[in-house]
Amino acid sequence: MHLALLFFCIIAGARLGDTVNHTLRIASEKLKINSYQGFDRVTLDGGFFIPEPGRPLLPVISATLAIPADARLHRVEATPQATEQIEGKFIVLPGQFPVPVSKSQLPELCPPDTAIYLSDQPWPAQSLINYSVHHTGGFQLVNLLLCPFTYFPLSGCLLLHTEISITVTFESGANPVTPITVSQRNQHLQSLKPLVVNPDDLTTFAPPVSGNDQLSIDYLIITSSELKESFQPYLEYRCQRGMRTEIRTTGWIEANYPGRDLQEKIRNHIIDYYHNRGVVYVLLAGDNRQIPSRQISVTVGNEQGLIPTDLYYGDLDFSWDSNHNNLFGEMDDSVDLYADVFVGRVSVETPEQVRNFISKVLAFENTPAADYIQRSLLPSGWLWRSLNYHGKFVNDSIAELTPAGWTDRELENPPGAGVVADSFNNGFLIFDPAGHGNETGVYDENGTPIYTTTYAGYQTNHNRYSIITSLACNPGNFEAEDCLAEVALNCR
């Protein structure tokens, strides 16, 4: 039996000329300028870089606005309203060729583009660099990329726009909308509030709600036939917690859904359950052998490669391969990159590992140790000392986000992974080792280990289970055999 994918849409009367307005404010105290190889390197707290080799490298910021689910975007405008001239004359560092974080060596410095640096034309020409429309869980978002600076290269004048007004104009009621369940709506409302700059509009702009939730489920577990029975206690636990939960095996999905391969069939199954059953959460219950990931095509500078991602199972818009070249996730292809369902993976391969996982979840959710919940461990090392780029910059950002009363322990340049592991044994809810990385661990630019699989499998933090993140390249590469993330997950 093959299941059809059914979609029901609503379209209202169109109304042109509606707007959303917002003013971005950038504090001049967040601006930092330091010297680097005869140039001025401009940084901004909360900003980031999209380097164009040879062109002035100025920080950009992003802003995301919600618009009605049924709207068609008409126009986006960004206009500086308040500006400060930065004292001095500056030769802004030119953009460099992008380098993967896994590379510890940087290429030679890219020189300035003389056509720009010998001109006094403003750079960039306008504050709005780019914008794009995205969809997540039925909600519609407009993401803006803005540069809050104007630079006049020949004279060296640098302006900071401390206020930028944004106006998004749209046509209401112009696009069909698929209704969602109350549960889908409520979960996405909560997740989007900290993301958009106009959270008070979310309820008004939300997609319509379907009237019948009787057949809906909240939580979908996808696993292999061999592990299905082992996950049954987890299904029962989720049901006891008030979440309507189902298990489906890859064998059943392969027999009942269309697709060029198992990955596409799994995604079509999730699409079906998202539209017709109201699913909100999806657990990929198995390692890559049980639930294969989708490899996507990635280009960084002159380097090309494939990396695994489970976002393919969460972002349900388009096919991720609309040009049919069997290269998924190409940026010039149709990819939205905003998830419609919340997807997680537990990289387990045996019933014993499943039991260990369930035991940890139950302890974490029901009987966590009280003495570690408000603690974070943030070790870091140099990524590129020549650029003054240290992992602590990321960890400082994490520390700024933790609530009042938290203890944030930052370990800069630890002499080895043993020091970090000893600290970890004391119990920390959040653990973020920041550096370069491969499947076996996280390291500084000289190869000094910050945290490795050697220690992850033998921690004695007992019931003080942690949430581990890292900017490092490959410690979470579950396609490899027993990467750092898998060792940490499956240790007892």
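The values are calculated or read from the model by the stated rules, or taken from the named source; none is laboratory data. All values reported here derive from a predicted model rather than from experimental measurement. Virtual Cβ from ideal backbone geometry, glycine too; neighbours counted across all protein chains shown.
Things worth noting here:
- Filter result (out of contact with any helix residue (DSSP H, G or I) (no Cβ under 8 Å at 6 or more places or on another chain) and either polar (S, T, N, Q) or modelled with pLDDT of 95 or more (or both)) within segment 195-223: L195, V197, N198, D200, D201, T204, F205, P208, S210, N212, Q214
- Residue within segment 283-304 that is in a loop (DSSP other than H, G, I, E, B), more than 27 Å from the chain's Cα centre (by Cα) and crowded, with 18+ Cβ neighbours inside 10 Å present: no
- Leading residue by the ranking (surrounded by the fewest Cβ atoms within 10 Å (Cβ to Cβ)) among those in segment 95-137 that are closer than 17 Å to F152 by Cβ and touching a residue at least 40 places away in the same chain (Cβ under 8 Å): Q126
- The condition of being within 25 Å of the chain's Cα centre (by Cα), surrounded by 15 or more Cβ atoms within 10 Å (Cβ to Cβ) and of a type in the set (D, E, K, R) holds for only one of E349, E330, E365, that being E330.
- Residues in segment 143-173 that are small (G, A, S) and either in a strand (DSSP E or B) or within 26 Å of the chain's Cα centre (by Cα) (or both): 2 in all.
- Selected residue (only one of I270, I266 is more than 21 Å from the chain's Cα centre (by Cα), at pLDDT 95 or above and crowded, with 20+ Cβ neighbours inside 10 Å): I266
- Of all the residues in segment 39-83, those that are surrounded by fewer than 19 Cβ atoms within 10 Å (Cβ to Cβ), aliphatic (A, V, I, L, M) and part of a loop (DSSP other than H, G, I, E, B) number 1.
- Within segment 278-292, restricting attention to residues that are of a type outside the set (A, V, I, L, M, F, W, C) and farther than 13 Å from V348 by Cα, the residue that is modelled with the highest pLDDT is Y281.
- For segment 217-272, the set of residues classified as closer than 18 Å to G344 by Cα, of a type in the set (D, E) and in a loop (DSSP other than H, G, I, E, B) consists of D218 only.
- None of Q140, Q184, Q214 is of a type outside the set (V, I, T), under 28 Å from V282 (Cα atoms) and in a helix (DSSP H, G or I) except Q184.
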